[in-house]
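The values are calculated or read from the model by the stated rules, or taken from the named source; none is laboratory data. Bear in mind that the values here come from a model prediction, so they are computed numbers and not experimental data. Every residue, glycine among them, receives a Cβ derived from its backbone with ideal geometry; neighbour counts consider all protein chains shown. Calculation scope for accessible area: heavy atoms of the full protein, side chains included, ligands and nucleic acids excluded. Shrake-Rupley method; radii C 1.70, N 1.55, O 1.52, S 1.80 Å.
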Amino acid sequence: MQRRPRRNRKSESIRGLVEETQVSVKDLIFPLFLVDGHHKQIEVSSMPGIHRYSIDLMLKEIESCMNLGIMAFDVFPAYPESLKDAVASESYNPETFYLKALREIKKQFPEICLMSDVAMDPYSSDGHDGLVKNGKILNDETLEILGRMSLAQADAGVDILGPSDMMDGRVGYIRDMLDENGFTDTSIMSYTAKYASAFYGPFRDALDSAPKFGDKKTYQMNPANSQEALIEADLDMEEGADFLMVKPALSYLDVIKLLSDNYPLPIAAYNVSGEYSMVKAAAEKGWLDYERSMQEILLSIKRSGAKIILTYFAKDFAKLLK
Ligand code: PBG
């Protein structure tokens with residue numbers, strides 16, 4: 001035998017030398033859930049270890065994450081049913097608790113990278129990402145609402161907008177709106193290839209945002225397809241996206257690879273709620289080693305070509321590195 005690949009695995013130090021991929025805390029964006037009020041910290045029952053915070057406690061949480069080196073956060077609001085309506089009006093009400101919280105976070109921690117979500121679902125009485133009429137999700141009419149929401153979030157000081165709605169043309173629409181209003185520095189991380197996935201279940205528990213009827217298959221992508229991701233990526237790139245995102249991550253590593261091989265923009269992957277919950281649940285039962293599973297998952301996402309990972313593991317991973 002002339003070739004013995006095991007020689008390059010014979011010690012920790014050699015394995016270190018030949019290691020191709022590393023995940024750094026700098027690669028991670030930590031999603032956080034916000035609720036209205038004061039002194040609230042409510043665990044998401046299907047996501048052990050992940051909480052919904054009121055702004056006072058969220059500021060503390062962000063500070064403790066920063067002490068671990070996490071510098072990027074994506075904040076999602078949980079709205080009570082009473083504030084939802086068919087046109088998501090609360091999403092651009094300047095006095096709404098989400099926008100006030102974004103402003104407060106950016107004021108206290110100007111050095112962090114703050115990301116927000118652009119879609120109607122947390123504010124919609126229909127629980128859909130777009131405007132509903134006669135059981136259909138309207139595309140072009142939704143853009144107007146997304147545009148207003150985007151301007152309101154940009155005005156609150158957000159660094160990166162994350163359109164997660166999958167309406168056609170929204171990246172270009174939002175880019176134009178931002179530029180016309182002087183927000184030329186506000187970035188867009190497009191949810192480029194967002195699949196209609198079962199793995200968003202726990203997230204919808206966290207926000208009480210499950211669709212009231214039907215599913216999201218007329219706008220989110222079919223899990224069977226990868227070529228379509230190239231069409232979405234072409235459009236987002238043309239329309240001015242700064243980052244392309246694939247979501248979920250684990251069942252779509254091939255799509256991450258496809259986009260990272262074909263596009264010069266940084267690729268992000270969203271390691272979604274269900275992907276977190278299944279590891280947590282198995283670990284609680286003693287069936288999986290939580291830390292090793294987490295590390296292997298993040299490594300696999302990075303290895304497949306994602307430069308950036310949105311993940312609920314961020315804080316646990318950062319603690320582990322310390
Ligand atoms: C809202 C949105 C969703 C997620 C991020 N933004 C849910 C959905 O599309 O139904 C999912 C995130 C996760 O599961 O962690 N448009």
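Could you say whether any residue in the stretch 116-135 is within 15 Å of K212 (Cα to Cα), open to solvent by 60 Å² or more (accessible area, probe 1.4 Å) and of a type outside the set (A, V, I, L, M, F, W, C)? Yes, some residue in the stretch 116-135 is within 15 Å of K212 (Cα to Cα), open to solvent by 60 Å² or more (accessible area, probe 1.4 Å) and of a type outside the set (A, V, I, L, M, F, W, C). The condition (being closer than 30 Å to Y290 by Cα, touching a Phe, Trp or Tyr at 6+ places or on another chain (Cβ under 8 Å), open to solvent by 10 Å² or more (accessible area, probe 1.4 Å) and at pLDDT 95 or above) is satisfied by just one residue among E43, E63, E90: E63. The set of residues in the stretch 164-189 that are of a type in the set (A, V, I, L, M, F, W, C), open to solvent by less than 30 Å² (accessible area, probe 1.4 Å) and either more than 17 Å from the chain's Cα centre (by Cα) or within 14 Å of the ligand (Cβ to nearest atom) (or both) comprises M166, M167, I174, L178, M189. Provide a single number: the residues in the stretch 285-314 that are of a type in the set (S, T, Y) and away from the ligand (no atom under 16 Å from the Cβ). The total comes to 4.
Applying the criterion of being hydrophobic (A, V, I, L, M, F, W, C) and surrounded by fewer than 20 Cβ atoms within 10 Å (Cβ to Cβ) to the residues of the stretch 203-216, the residue that is farthest from the ligand (Cβ to nearest atom) is F213. When T192 is tested against (1) away from the ligand (no atom under 12 Å from the Cβ); (2) modelled with pLDDT under 95, only condition (2) is not met.
Exactly one residue among Y200, Y219 is in contact with a Pro (Cβ under 9 Å, 6 or more places away or on another chain), hydroxyl-bearing (S, T, Y) and either in contact (Cβ under 8 Å) with a residue 12 or more places away in the chain or open to solvent by 70 Å² or more (accessible area, probe 1.4 Å) (or both), and that residue is Y200. As a summary of the residue check, L83 satisfies the conditions (1) touching an Asp or Glu at 6+ places or on another chain (Cβ under 6 Å); (2) over 14 Å from L32 (Cβ atoms); (3) open to solvent by less than 30 Å² (accessible area, probe 1.4 Å) except for the one numbered (3). Only one of the listed residues (A249, A269, A282) is more than 16 Å from the ligand (Cβ to nearest atom) and not acidic (D, E). That residue is A282. Listed by position, the strands (runs of 3 or more DSSP E) contained in the stretch 12-125 that have at least 1 residues being under 27 Å from K302 (Cα atoms) and within 16 Å of the ligand (Cβ to nearest atom) are 28-34, 51-53, 72-77, 113-118. Taken across the stretch 141-160, residues that are open to solvent by 30 Å² or more (accessible area, probe 1.4 Å), more than 20 Å from the chain's Cα centre (by Cα) and among the β-branched types (V, I, T) do not occur at all.
Taking L34 as the residue in question, decide whether it is surrounded by 14 or more Cβ atoms within 10 Å (Cβ to Cβ), out of contact with any strand residue (DSSP E or B) (no Cβ under 6 Å at 6 or more places or on another chain) and within 30 Å of R204 (Cβ to Cβ). In short, no.
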